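Worksheet for the structure shown next.
The values are calculated or read from the model by the stated rules, or taken from the named source; none is laboratory data. In this text the structure is predicted, and so the values were computed from the model without any measurement. Neighbour counts are summed over all protein chains in view; Cβ atoms, including those assigned to glycine, are modelled from backbone coordinates with ideal geometry. Heavy atoms of the whole protein, side chains included, go into the accessibility calculation; ligands, DNA and RNA do not. Shrake-Rupley method; radii C 1.70, N 1.55, O 1.52, S 1.80 Å.
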Amino acid sequence: MDFIGSHILSVDQFDRADIERIFGVADAMGPYANRSRITQVLDGAILSNMFFEPSTRTRVSFGCAFNLLGGEVRETSEVKASSLSKGESLYDTARVLSGYSDIIVMRHPQSGAVAEFAEASRVPVINGGDGSNEHPSQALLDLYTILKEMMSRGESIDGLRIALVGDLKYGRAVHSLCKLLSLFDDIHYQLVSPPELAISDEIVGSLRSAGHTVDEYFELEKGIHQVDIVYVTRTQEERFPTQEEADRYKGLFRLNQSIYTKYCEPNTVIMHPLPRDSRSQAQELDDDLLQNPNLAVFRQTDNGVLIRMALFAMVLNVADQVHNHAKPVTWYTAKRFN
Ligand code: NCD
């Protein structure tokens with residue numbers, strides 16, 4: 001695809017060559033993200049970061065990524081703090097905000113709302129998550145993490161075996177990741193969920209017709225057997241018709257160190273888009289896994305900055321100018337990254 005000036009709304013926009021380009025630019029962002037160098041390549045540019053749903057890492061990492069490229073960030077983080085609460089349409093909001101910014105990132109509780117907003121926007125819009133539909137930048141950072149983990153053991157993504165666990169019905173991160181992985185060859189998907197929270201037949205059908213293997217499981221122990229990656233998710237309680245219904249599914253699948261030792265391979269990588277629900281009734285990913293070197297959740301969050309920097313640099317057409325504006329960092333920086 002041509003990234004310059006484009007909206008990023010769905011992983012359906014990408015082919016394998018696009019992903020390689022994004023990952024190549026993301027790799028080059030390492031020195032800026034790990035604070036050994038700074039760049040001002042987006043000096044003067046403005047990002048409107050519009051998050052109409054709770055978010056910590058997606059909102060902050062998009063903002064940091066823009067700052068790390070030298071741009072300014074304007075934030076709106078609640079519907080009630082914006083004119084949408086006064087009945088303003090997405091169309092009007094998009095027309096207005098696109099007069100104030102060079103690029104917009106938006107998260108919205110309704111599927112399709114970010115695409116509707118983008119149609120009215122005069123500047124590129126990146127989907128930060130629309131309802132239970134898609135979360136393209138999350139899928140890219142997950143795929144980037146999977147690639148790094150597989151490369152570190154001399155393997156590639158083709159032939160990957162991945163277990164996806166939890167709320168596969170409402171989880172947009174899982175929807176986008178499944179679709180993105182299907183661009184590779186011979187993926188084995190092991191889908192582990194309660195029957196009521198299974199992924200849609202439409203997605204399963206498209207994965208199978210692209211030549212991949214999809215097996216469904218209702219028990220954690222069986223579904224996480226013989227996989228390279230186990231990708232755990234949270235019950236998306238905010239999307240259920242009632243809280244009572246959501247509560248029924250919390251804590252059904254809990255991965256902890258003893259289950260991991262018994263049923264996973266010794267080097268199965270553990271991933272989660274975060275936030276994990278650490279309340280006692282849920283605990284889908286136990287704290288006792290924090291010592292497990294295969295727990296990649298914080299490598300995922302670090303990689304999110306690289307991927308989001310790459311998307312900004314490519315959409316705003318500065319990917320090949322980043323280094324021209326670079327300077328060494330002069331202040332103390334803790335060594336946070338490997
Ligand atoms: C995910 C999301 O918002 O879809 N979080 C994130 O962006 N990392 C997953 C979730 O909320 O469970």
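Observations
- GNM on the chain, alpha-carbon springs under 10 angstrom: the most fluctuating residue among Glu53, Glu20, Glu134 is Glu20.
- Loop-resident trypsin sites (Lys or Arg not before Pro) (DSSP state other than H, G, I, E or B) in the range 185-293 with no more than 16 further Cβ atoms inside 10 Å of their Cβ: Arg254, Arg279.
- Listed residue pairs exceeding 27 Å between alpha carbons, taken from Lys250/Lys335; Lys148/Lys179; Lys262/Lys335; Lys86/Lys179: Lys250/Lys335; Lys262/Lys335; Lys86/Lys179
- The portion of the accessible surface of the chain made up by carbon and sulfur, rounded to a whole percent, is 48 (1.4 Å probe; DNA, RNA and ligands excluded).
- Accessible area per residue in Å² at 1.4 Å probe, computed on the range 116-220: 34 Å²
- Proximal charge balance of Phe62 [Cβ under 11 Å; K/R count +1, D/E count -1]: +3
- Of the GluC sites (Glu not before Pro) found in the range 206-265, those in coil by DSSP whose Cβ has at most 15 other Cβ atoms within 10 Å are Glu219.
- Using the Cα coordinates of the range 136-298, the gyration tensor eigenvalues translate into equivalent-ellipsoid semi-axes of 22, 20, 14 Å, sorted from longest to shortest.
- Only one residue of Leu191, Leu220, Ile203 has its Cα farthest out toward the positive end of the dipole of the range 177-223, where Lys and Arg carry +1 and Asp and Glu -1 on Cβ, and that residue is Ile203.
- Prolate/oblate/rounded call for the range 19-121, Cα gyration tensor, a/c under 1.5 rounded: prolate
- For the residues Ser137, Ser101, Ser85, a GNM of the chain with alpha-carbon springs under 10 Å puts the largest fluctuation on Ser85.
- Net charge over other residues, Cβ less than 11 angstrom from the Cβ of Ala45 (K, R count +1; D, E count -1): -3
- Helix-only mean residue ellipticity at 222 nm for the chain, each DSSP H run of n ≥ 4 adding -39500 (n - 2.57), per residue, nearest 500: -10000 deg cm²/dmol
- Potential extension, Tyr100-Asp158 segment - 0.36 nm per residue separation minus Cα distance: 16.6 nm
- For the pair Asp320 and Ser280, label points projected 7 Å from Cα toward Cβ lie 6.0 nm apart.
- Relative contact order (%) - criterion: Cα under 8 Å, at least six apart; region: the chain: 21 percent
- Per residue, the convex hull spanned by the Cα atoms of the chain amounts to 141 cubic angstrom.
- Distance (nanometres) between label positions extended 7 Å along Cα→Cβ at Lys262 and Ser89: 5.7 nm
- Of all the options His108, His325, His175, the one that moves most in a Gaussian network model of the chain with Cα springs shorter than 10 angstrom is His325.
- Relative to the Cα centre, the charge distribution of the chain, modelled as +1 at Lys and Arg Cβ and -1 at Asp and Glu Cβ, gives a dipole magnitude of about 1100 debye.
- Contact order normalised by residue count of the range 136-298, Cα under 8 Å, 6+ apart, percent: 22 percent
- Taking every C-alpha pair closer than 8 Å and separated by at least 6 residues, the mean separation divided by the residue count of the range 230-304 gives a relative contact order of 37 percent.
- Here the range 136-298 is assigned +1 on the Cβ of each Lys and Arg and -1 on the Cβ of each Asp and Glu. Its dipole about the Cα centre then comes out at about 200 debye.
- Extension gain (nm, one decimal) between Thr242 and Lys335, 0.36 nm per residue minus Cα-Cα: 29.0 nm
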